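Just below is one structure, and these are the notes that go with it.
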Amino acid sequence: MRIKCEMDIINRLLPSLNVKKGGKGCHTQLSIGRKPQTDSKEGILFLMACTAKDRNGAKYQIKDNIEQIFAKFINEGKATIRLKDPQQDLCLCKADPLQLKNFLTLLRKASLGQDIERISLSTLAPASTKSVDKPKTKMSVTSKKNYPLTKSFPSLLEHLHISQCRMKKIDSRIFQLKKLIHLDLQENVIEELPPTFSQLTSLRELILSTNKIQTLPSSLCLLPNWKETLSLLDLSNNLINLLPIQLCELDNLVTLKVDHNKLETFPPTIGRLKKLKYLSASHNKIETLPCSFMQLRLEHLDLFSNPFADVTKSDLEETEWQVPSLVECCGRMIRKNRLPYSDEDLHTHLCRYLDSARVCWCGGFCFEGCVRAMTSFSLKTLSPTVSAVDLQGRTDVPVLLFLCSPQCQRKYKINPYAYWR
Ligand SMILES: [Zn+2]
């Protein structure tokens, strides 16, 4: 019987005043086995703890030597074994909960001297290096010849970096890595992003810069793991010309990099990214910004080298207001109440219609039944460290805004500057 976990040993004789000393858990292989003895037929049961530093392992007698087993947090893979002699507490964590349960049951039985013959015990041989080495959590592959083709990826990887491997499709084995937090696939030739990203439930940082990606699928932005945990998305140096409106549903996105793409604008609801702090979109084809952009509160903003239009004064279209169409009314309500929709519920044509919603300054949505206005806005109000959009030091950019009703149009005419408050 053998388990792997992290173990910290606390000596109860030390006057620690119940303060746990800052000892760090050490990757350990624990086994229960019998040590052969010369005088009796059956050996005595021992608990053996092998670490990378001590592969021969410390051995503790089991029978009548376990004072208590603390297993309140066994479902989190944690437990403490209190020994009588030596007066030590073995604090276990990061164990597989099921294995730990079986192990502790066996240990309890053995300590009471119950019969455990039917269970296969381990030999108390020194542990192999492989079994006590810390599991690999970081991996970096920077050339094709080092790419693991026959070997599998270590299953506990948290950080994976694969670059310059000319990977065209993301290796499906990567999606099996449940613990992966940081995935860096820059400098490959990836063209498409598969829906299997949903399997990476721990993913927080995704770097896909310098690839050949043309679209960011909207369905990815609606995946629960992307919506709830993704905080960094780097898509710079790709071929993207449009970001899906669903990008604005990534509630925990802090950093977004889309430099060197073919973007013409941002999604009209980009202001919804309340946690966004770092945004860079230099070297794109952005001519105007949507007005919700002004709701962002950023720490860093870079929009250098975009062909922003020149706007000298506020420019408002004059229109005759018509009664809005039924489809417009429905669309406004769906978007206002943030009802989810997908190609499965609605005709694709209607989905694209809903995606095309414009946001009025009142926060309402509108489609065709609106007027547009163009105004100029200083980026300095958004971020203290804004860089100029061109070499002349310009920080004023044109903002395209839409007004959903005659009331909003009237208010805008009276005081355009109130728009930003
Ligand atoms: Zn309005």
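The values are calculated or read from the model by the stated rules, or taken from the named source; none is laboratory data. Since we're looking at a predicted model, the values are computed, not measured. Cβ: placed from backbone, ideal geometry, glycine included. Neighbour counts: every protein chain shown. Side chains included, ligands, DNA and RNA excluded: accessible areas come from the protein's heavy atoms. Shrake-Rupley method; radii C 1.70, N 1.55, O 1.52, S 1.80 Å.
When Arg352, Arg338, Arg410 are checked against the criterion of being farther than 25 Å from Leu250 by Cα and of a type in the set (Lys, Arg), a single residue qualifies: Arg410. Of the residues Pro195, Pro148, Pro126, the single one that is in contact (Cβ under 8 Å) with a residue 60 or more places away in the chain and either under 19 Å from the mean Cα position of the chain (by Cα) or over 17 Å from Leu232 (Cβ atoms) (or both) is Pro126.
When the residues of segment 319-357 are narrowed to those that are of a type in the set (Gly, Ala, Ser) and in a loop (DSSP other than H, G, I, E, B), which ends up nearest to the ligand (Cβ to nearest atom)? Once the filter is applied, the top-ranked residue is Ala357.
Evaluate segment 403-419: report whether one residue or more is surrounded by 18 or more Cβ atoms within 10 Å (Cβ to Cβ), outside the structural domain of Cys248 (by TED's automatic domain parsing) and either in a strand (DSSP E or B) or more than 13 Å from the ligand (Cβ to nearest atom) (or both). Yes, segment 403-419 contains at least one residue that is surrounded by 18 or more Cβ atoms within 10 Å (Cβ to Cβ), outside the structural domain of Cys248 (by TED's automatic domain parsing) and either in a strand (DSSP E or B) or more than 13 Å from the ligand (Cβ to nearest atom) (or both). Within the span defined as segment 358-373, one or more residues are within 14 Å of the ligand (Cβ to nearest atom), on the phi > 0 side of the Ramachandran plot, open to solvent by 20 Å² or more (accessible area, probe 1.4 Å) and small (Gly, Ala, Ser). Screening segment 374-393 for residues that are of a type outside the set (A, V, I, L, M) and assigned to a strand (DSSP E or B) and picking the one that is nearest to the ligand (Cβ to nearest atom) gives Thr375.
Determine whether Glu287 is in a loop (DSSP other than H, G, I, E, B), in the same structural domain as Val399 (by TED's automatic domain parsing) and at pLDDT 85 or above. In short, no. From the list Lys72, Lys84, Lys63, the one residue that fits, being open to solvent by 90 Å² or more (accessible area, probe 1.4 Å) and touching a Gly at 6+ places or on another chain (Cβ under 9 Å), is Lys63. When Ser140, Ser128 are screened for being within 26 Å of Ala52 (Cα to Cα), open to solvent by less than 90 Å² (accessible area, probe 1.4 Å) and in contact with a strand residue (DSSP E or B) (Cβ under 7 Å, 6 or more places away or on another chain), only Ser140 passes. Within segment 102-115, none of the residues are within 22 Å of Lys134 (Cβ to Cβ) and touching a helix residue (DSSP H, G or I) at 6+ places or on another chain (Cβ under 8 Å). Scanning segment 20-32 for residues that are open to solvent by less than 100 Å² (accessible area, probe 1.4 Å) and at pLDDT below 85 yields a total of 4. Applying the criterion of at least 1 residues that are within 21 Å of Leu156 (Cα to Cα) and of a type in the set (Ser, Thr, Tyr) to the strands (runs of 3 or more DSSP E) found wholly in segment 42-110 leaves 44-51.
Of the residues examined, Phe402 is not one that is touching a helix residue (DSSP H, G or I) at 6+ places or on another chain (Cβ under 8 Å) and modelled with pLDDT under 85.
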